[in-house]
Structure formats: C-alpha cells, structure tokens
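Peer 1: To start, I am sharing the structure in question, which I have written as structure tokens.
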Amino acid sequence: MALNAQPALWPAPLASGSVDATVHVPGSKSVTNRALVLAALASEPGWLRRPLRSRDTLLMAGALRAMGVGIEETVSSSSSGAGTPGGSGEAWRVLPTGLQGPATVDVGNAGTVMRFLPPVAALADGPIRFDGDPRSYERPLHGVIDALRVLGARIDDDGRGALPLTVHGSGGLDGGPVAIDASSSSQFVSALLLSAPRFNQGVEVRHTGSTLPSMPHIRMTVDMLRSVGAQVDTPESGGEPNVWRVTPGALLGRDLTIEPDLSNAQPFLAAALVTGGKVVIPDWPARTTQPGDQLREIFTEMGGSCELTEYGLVFTGSGGIHGIDVDLGEVGELTPGIAAVAALADSPSTLRGVAHLRLHETDRLAALTKEINELGGDVTETADGLHIRPRPLHDGVFHTYDDHRMATAGAIIGLAVEGVRIENVATTAKTLPDFPDLWTGMLGKN
C-alpha cells in the first residue's frame, strides 16, 4: 500500500512472536542533504549513489534546482542494493551551475533545508524566498540569520528570526569571524560551515552558548567537507574549544555512495529488542559519523547484543528489556524510539540532555509524555528530558504531530500492545519511505 493510501489511523501490527528479518534501510537523510549542498557548491560535477529519496531530500533537491543547480536522476539495475527501498538503486548527478534568483524555496518542515540553504542563497545572484509548513515558522532560525548578516548578507525576515524570509543574494559573501549561540540546534554551525569554502574569507564560527547538542552531526559536516577538499580546523584537531575555521577554496566533485540511515534503523533494532528476536541491517558502516551508530551501545545496555559483520549489523534481543539512565544530548533524534522501548522495560529509565527536542518537528518531550501516558504509561518531563516508569499499557490512538519519529515510536509500542493505532503514519515519508511496508515485511505480514 502506498504511503498516501494509508488509513488515517494505521493499526500498528502486534508481533506474534520473535522477529527474524533482514531489513534494507534506505540512505541517510543527514548525509544525503549535506552531500547535495556540497555537490551544488563544487567546482565540477559529482554523483550521489543510493541517496535517500524522501520528503526532506526531495525538498532539498527541489530547492537547489530552483536556484539553478542541475540534478539528474538515474536508476541503475546493476547498482548494488538495487531494488531495496528508498531509492538505493538510484544515482543523482549534480551539475553545479551559477546560483540564480529570483526563486522561491519550499522547506517543508525540514531543518536541514531551512538552515543549510540560506547561506547558499547568499551566494546566489538575486533574491531567494524561503517558506514552508506552518510548523516551520515556529522553529528557530535566528542563529543562521544573525550570523549571515554579520558575514555580509542582506536578509528580510521582518525581525522574526524565523520563516518566511528572503535572502538577497549578491553573488558572493564576505565571510570572516562570527559568534553564534547554537544551543537550540547544531545545524546553525553546520549551515555556516557547509557554504564557508565559497565565502571570500571563509569563516570562523565561535559557539557562545553553554551547551551544544548533536555534536556528531557537526563532526559529520566536518568529515564531509574534508572529503571534498575543504580545509577545516576544529576543536578536535587541536583548535580552540567551540571554534571551527574553514579556509576559502574550491570544492571537488565526488562520487559518493550514501550510507544507510542508522537512526532510521532504530525501530527495526527495537523490534528485535521488544520481541526477543533478530534483525540484520545490511551495509552498516564500520566507521561513521552518524549519531545512530550509538544505538549499538544503547540497545545493548537495554538488553540486546550485536555483532558487526562484513555483511552488516546483526542485532539480537534477549527477551528482556532493561531500563536505562542515559545522556542523549549528542543523539537527541534517538529519544522517541528509546522512550518507546523504555515504556516496555522491566525497570525505570531516565533520558537526559535533550531539552532542545522541544524545538524539533514538534515538542517531542511533551508529545512523548502525552501519548505514552494516554496508553496507560507513567512518563514525566524533567528540565532536560524524560523519566519513564514502565506500566502495563493498553490500546489507543498514538498521535504523531506530523513528526516521523513519533510515528515510528508508536509502532514500536504497538509490537507489544494490542490495539495501538498510529495517527498519520504517512508522516514517516519525511525520512523513511515505505515505512509501513518495511514494518509489516519485517513481521512477515506482507
């Protein structure tokens, strides 16, 4: 059944026994969208192989096309992984041409699009207007807007520090030093770093806030910049704490194969944990900057075991689920799935370091508390996270708030609780195409 044909209330399948499945997880959204930006700014054409084809990545590709970048899509029947979901038999050829306005960009509710592309638009020749879903107006953009103004850009946002806005591109940007508070989103830092090689003076980004969430995503940005020839100095490479410097220079066109999205592997690994079964995720990388790689450690502590083989990751549940006390500050996107598993555990859990989730696709802390409690759970919000006391859960509607990770969290609970219905499961198309079919396929119910 196609996503757009899913019922308004999707009956989450109850597991009839231990799962035993191999699940081909589509490509990483975070890698795909960073790769698209870098390829669009390169000095020569490049290829993205096995990219994720989802709402967020199609919005990124559409936005870049609107600004004049050529992106040609091909499908290769001989590509490794062809026939697996999410477009893994596809390749996108990116032809960087002069960035041009006027143009209008639809960001949807994609943080990567709304934050990564205003710096790109500042390099365009002409005005670029950014607009999106109603929820996108509530998500913070001030870190990017204020920084770009310091670096020489002209932006009209009517003083909101949020969408909608217009970037008046002048064909270039001075760049140089800038101080920002990225406490509400590490994407503020990544946004400036990705375009910085094209700034006349490069950039020196200094984070002034007391916390910086999702550091693995900044490391991913730095790693990908270096892979296309950029010179980046970071705190990890001996630089000042909370300071990143990018030298101006040309970027290389690359032939890049996109890794599976390890965060999107979470519900399938959780299924092995919840049912005491086994799930294999092919092509799990031995080395990666993806935050989802920390699932191996977190879910092992919660009662599973894993083995990384040449084929991929083999994850096995023990039949028991243990509570966990964990700081998820670097991997906040994993919180909904971990909360769902914790609600089914044999002891309480405390999830810390994720106050910034109140500013994600929805207020994820409030949403998780409300939805799990309405199924009979006992979840309380803390200043920076959740405290979860497992209770017997019952049937009911699990609302998603147009948030893909809320939908998959509800599906995890539905494995063990009969009668859970997911409102708007189609929102999973944001990053995980065909989730309902992948889920029922894993359970042998297709």
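The values are calculated or read from the model by the stated rules, or taken from the named source; none is laboratory data. Source: prediction; values computed, not measured. Note that we place each Cβ from the backbone using ideal geometry, even for glycine, and neighbour counts take in every protein chain shown.
Peer 1: Wholly within the stretch 79-186, which strands (runs of 3 or more DSSP E) include no fewer than the required count, namely at least 2 residues that are assigned by TED's automatic domain parsing to the domain that holds Thr428, among the aliphatic types (A, V, I, L, M) and at pLDDT 95 or above?
Peer 2: Values: elements: 90-95, 103-106, 125-131, 154-156, 165-170, 176-180.
It comes to none.
Peer 1: Of all residues being among the small types (Gly, Ala, Ser) and in a loop (DSSP other than H, G, I, E, B) in the stretch 236-268, which is nearest to the chain's Cα centre (by Cα)? Just the residue, please.
Peer 2: Filtering the stretch 236-268 down to residues among the small types (Gly, Ala, Ser) leaves 237-239, 249-250, 253, 263, 265.
Cutting the leftovers down to in a loop (DSSP other than H, G, I, E, B) gives us 238-239, 249-250, 253, 263, 265.
Details: Gly238: 28, Gly239: 27, Gly249: 28, Ala250: 27, Gly253: 24, Ser263: 8, Ala265: 12 Å.
By that ranking, first place goes to Ser263.
Peer 1: If Ala429 passes every condition in (1) without any contact (Cβ under 8 Å) to a residue 60 or more places away in the chain; (2) surrounded by fewer than 24 Cβ atoms within 10 Å (Cβ to Cβ); (3) among the hydrophobic types (A, V, I, L, M, F, W, C) but one, which one does it miss?
Peer 2: Only one criterion is unmet by Ala429, namely (1).
Peer 1: Another question, if that's okay. Could you list, in sequence order, all residues of the stretch 223-254 that are in contact (Cβ under 8 Å) with a residue 60 or more places away in the chain and either in contact with a helix residue (DSSP H, G or I) (Cβ under 9 Å, 6 or more places away or on another chain) or in the same structural domain as Glu297 (by TED's automatic domain parsing) (or both)? Walk me through it before giving the result.
Peer 2: Going residue by residue through the stretch 223-254, those that are in contact (Cβ under 8 Å) with a residue 60 or more places away in the chain are 223-225, 228, 248, 250-254.
Once the filter is applied, which keeps residues that are in contact (Cβ under 8 Å) with a residue 60 or more places away in the chain and either in contact with a helix residue (DSSP H, G or I) (Cβ under 9 Å, 6 or more places away or on another chain) or in the same structural domain as Glu297 (by TED's automatic domain parsing) (or both), the stretch 223-254 yields Met224, Leu225, Val228, Pro248, Ala250, Leu251, Leu252, Gly253, Arg254.
Peer 1: Filter the stretch 419-437 down to residues that are aromatic (Phe, Trp, Tyr) and touching a Leu at 6+ places or on another chain (Cβ under 7 Å), then give me how many there are.
Peer 2: First, pick out the residues of the stretch 419-437 that are aromatic (Phe, Trp, Tyr): 435.
Narrowing further to those that are touching a Leu at 6+ places or on another chain (Cβ under 7 Å): none.
Of the residues in that region, 0 qualify.
Peer 1: The conditions are (1) under 25 Å from the mean Cα position of the chain (by Cα); (2) under 23 Å from Pro127 (Cβ atoms), and Asp181 fails exactly one of them. Which is it?
Peer 2: Going through the list (1) under 25 Å from the mean Cα position of the chain (by Cα); (2) under 23 Å from Pro127 (Cβ atoms), Asp181 breaks only (2).
Peer 1: Only residues that are buried (at least 21 other Cβ atoms within 10 Å of the Cβ) and assigned to a helix (DSSP H, G or I): list them for the stretch 397-416, please.
Peer 2: Going through the stretch 397-416, the residues buried (at least 21 other Cβ atoms within 10 Å of the Cβ) turn out to be 398, 400, 403-415.
If the condition is that a residue be buried (at least 21 other Cβ atoms within 10 Å of the Cβ) and assigned to a helix (DSSP H, G or I), then His404, Arg405, Met406, Ala407, Thr408, Ala409, Gly410, Ala411, Ile412, Ile413, Gly414, Leu415 are the ones that fit.
Peer 1: I've got another one for you. Only one of (1) touching a residue at least 24 places away in the same chain (Cβ under 8 Å); (2) over 17 Å from the mean Cα position of the chain (by Cα); (3) farther than 28 Å from Tyr401 by Cα fails for Thr309. Which number is that?
Peer 2: Condition (1) is where Thr309 drops out.
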